[in-house]
Ligand code: PXP
């Protein structure tokens, strides 16, 4: 059964829309934990568009589950991670002009550089995960870079229409099996919603799902604690059937 990492970046997005003090992602991390979040995830972006340095510092001091820091593989971010020592660092690609993370990290082309960073972070006692597409060459490169975890990018599955979704699900299933054969532990996330999460949650071998936007959106209606409870219930008891395929006439 996969655990649930709740990404609270979008709480910070609302705050930064006015550059004020509310809503506070630190308070909301606690509300997510009360709803059963197994971990809290934040992405400290180079442009600080949502999560701020002060959030990471306060979350490190207050999160009682696990803190997963998503970040680009830069010297600035590495220094921040080494200072705050989150439980996990997830290295992600980052482009200033993107709305959200697009595509996985290209580990193949930078095994040496990433491997050195992975080693330094792991030596400091921080777990390191690499966010990659469900692609054999990328997974082999993750292993070569010395990472112990990967996070499989579920964006293509999430964006696929009902006819293409089963193939994307299979790709994720095969990637998960391959990663585990190679000794890697597997998380997954991006674009997952209350509507599409169940087939992913039913895949064996995925340890944690990182989910943000849909939970924060639902929280506007029911509050974050309840929104997390609802997502947790779906992940813990998923219908094991293709969502869209089975519903077509
Ligand atoms: N995992 C990673 C690596 C991400 O970059 C993001 C988005 O910040 C997520 C998971 C969560 O994606 P979403 O907000 O679409 O649930």
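Looking only at the range 3-23, residues that are assigned to a helix (DSSP H, G or I) and under 30 Å from residue 237 (Cβ atoms) come to 3 in all. Whether a residue is buried (at least 22 other Cβ atoms within 10 Å of the Cβ), on the phi > 0 side of the Ramachandran plot and within 13 Å of the ligand (Cβ to nearest atom) was assessed, and residue 190 passes this test.
A quick yes/no check of all residues on (1) away from the ligand (no atom under 15 Å from the Cβ); (2) modelled with pLDDT under 95; (3) surrounded by 24 or more Cβ atoms within 10 Å (Cβ to Cβ); (4) over 27 Å from residue 138 (Cα atoms):
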residue: 174; (1), (2), (3), (4): yes, no, no, no
residue: 177; (1), (2), (3), (4): yes, no, no, no
residue: 184; (1), (2), (3), (4): yes, no, no, no
residue: 195; (1), (2), (3), (4): no, no, no, yes
residue: 218; (1), (2), (3), (4): no, no, no, yes
residue: 221; (1), (2), (3), (4): yes, no, no, yes
residue: 225; (1), (2), (3), (4): yes, no, no, yes
residue: 239; (1), (2), (3), (4): yes, yes, no, yes
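Number of residues in the range 172-184 that are out of contact with any helix residue (DSSP H, G or I) (no Cβ under 8 Å at 6 or more places or on another chain) and free of Cβ contacts under 8 Å to residues at least 40 places away in the same chain equals 4. Screening the range 144-159 for residues that are under 19 Å from the mean Cα position of the chain (by Cα) and surrounded by fewer than 18 Cβ atoms within 10 Å (Cβ to Cβ) and picking the one that is nearest to residue 213 (Cα to Cα) gives 159. Scanning the range 198-209 for residues that are surrounded by fewer than 24 Cβ atoms within 10 Å (Cβ to Cβ) and out of contact with any helix residue (DSSP H, G or I) (no Cβ under 9 Å at 6 or more places or on another chain) yields a count of 2. Assess whether residue 140 counts as being in a helix (DSSP H, G or I), more than 15 Å from the ligand (Cβ to nearest atom) and farther than 27 Å from residue 119 by Cα. In short, no.
So for the range 17-24 (the condition being within 14 Å of the ligand (Cβ to nearest atom), closer than 23 Å to residue 223 by Cβ, without any contact (Cβ under 8 Å) to a residue 60 or more places away in the chain and surrounded by fewer than 23 Cβ atoms within 10 Å (Cβ to Cβ)), does at least one residue qualify? For the range 17-24, residues within 14 Å of the ligand (Cβ to nearest atom), closer than 23 Å to residue 223 by Cβ, without any contact (Cβ under 8 Å) to a residue 60 or more places away in the chain and surrounded by fewer than 23 Cβ atoms within 10 Å (Cβ to Cβ): absent.
The values are calculated or read from the model by the stated rules, or taken from the named source; none is laboratory data. Computed from a prediction, not measured in an experiment: that's the story for all the values here. Virtual Cβ from ideal backbone geometry, glycine too; neighbours counted across all protein chains shown.
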